[in-house]
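These notes are about the structure you will find just below.
The values are calculated or read from the model by the stated rules, or taken from the named source; none is laboratory data. Not measured: the values here are computed from a predicted model. Quick reminder, even Gly has a Cβ in these numbers, built from the backbone with ideal geometry, and neighbours come from all protein chains shown. Each accessible area value is taken on the protein alone, full model and side chains, heavy atoms only, with ligands, DNA and RNA left out. Shrake-Rupley method; radii C 1.70, N 1.55, O 1.52, S 1.80 Å.
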Amino acid sequence: MKFLTSKWLFNLLIYISFVFLFIYFIKTDFIDLSTLDVRFLPLAISVVLFWIGITLSSISWWNALRVHGLLIKPSTAIISHGLSIFAKYIPGKIWVILGRASYVSDNQNSLKIASVASLKEQLIYVWTGIGTSIFPVLIYYGFNRFSILVFSIFLLLTIFLFFSPFHNFVLVVIHKLFKKTINIPSLDFKKNISIIGFCMLYWSIWMVGFYFLSIAIYSQSPVTVMFAFPLGVTIGLIAIIIPSGLGVREGVISGYLILTGIPEEVSVTIAFLARFWFLSGEVYIFSLSMLLKFIEKKRRIL
């Protein structure tokens, strides 16, 4: 109970600091909300699309378990995913993987299988997200340090995940250099095709949702702004030292938006509001998981 309390306190402090940072930017005129003409219909559409996408991410977790032979109800997958959704703000990202795996496990063996399935789904989530953004990055950034970095990350991640000899070589090198054994599974593309499909599906829905968020704030946003979201999220996730990529995500998103032709002040505003747009989905899926858990408990009593 003490650990859970500390996690909630940590999450709370993160968002409090983020709110104060947002207020600071407003006071320094770096963000000027008074000049915004928010269109509420596309804003509402963007929120609904994000909620649909985050619900599908829970179903993707259910599918990952199914692929690994663990059959549970979709509602149980949503509960386990939703209850652990805020664990991503703890440095290291391990709790978002272990939290939902422990909920659906009833013994040590199933916990091991569920943890592997959770890790694989998270790796594919990052891989598909950054892969989606490669070509737009090359178009807007050209061949500079950032685009080369993004492309290199995707290429190395692809080889590491799907090419066993290179995968095993990297783990051996890590073990020799740091004297630590890291259990990261290599992936068979064909066996994980359904997981890849689910990840691509909810990324696509989120991207469309982000486009509607952008046009809600800046009506002249080009459709290519949608690629800013997976790019910012995945780069933020890779920055594992910083809780949930706090600040990294906003920097990447705003930088990309500026290159698409959106004014700097508006780009920064969209990037910051996207954090709260994302938070609305996390609160939604957490609340849905609590509701489903309550319904399941009532059914067991009856």
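Here are a few things to note about the model shown:
- Filtered by the rule that a residue be open to solvent by 30 Å² or more (accessible area, probe 1.4 Å), within 15 Å of Y140 (Cα to Cα) and part of a helix (DSSP H, G or I), region 257-282 gives I258, L259.
- Enumeration of residues in region 183-208 that are assigned to a loop (DSSP other than H, G, I, E, B), farther than 14 Å from L65 by Cα and open to solvent by 70 Å² or more (accessible area, probe 1.4 Å): N183, D188, F189, K190
- Matching residues in region 234-251 - criterion: being part of a helix (DSSP H, G or I), closer than 16 Å to F276 by Cα and either modelled with pLDDT under 85 or open to solvent by less than 30 Å² (accessible area, probe 1.4 Å) (or both): G236, P243, S244, G245, V248, R249, E250
- Of all residue pairs spaced 6 or more apart or on separate chains, those with beta-carbon atoms under 8 Å, a first member in region 65-94 that is modelled with pLDDT under 85 and open to solvent by 40 Å² or more (accessible area, probe 1.4 Å) and a second member that is not small (G, A, S) and not in a loop (DSSP other than H, G, I, E, B) are L83/R100; L83/Y103; L83/F286; L83/M290; L83/K293; P91/P243.
- In this structure, L231 qualifies as at pLDDT 90 or above, more than 19 Å from P263 (Cβ to Cβ) and open to solvent by less than 10 Å² (accessible area, probe 1.4 Å).
- Among the residues of region 95-133, just one is surrounded by fewer than 20 Cβ atoms within 10 Å (Cβ to Cβ), of a type in the set (V, I, T) and in contact with a Leu (Cβ under 9 Å, 6 or more places away or on another chain), namely I113.
- Scanning region 281-299 for residues being among the polar types (S, T, N, Q) and in contact with a helix residue (DSSP H, G or I) (Cβ under 6 Å, 6 or more places away or on another chain) gives a total of 1.
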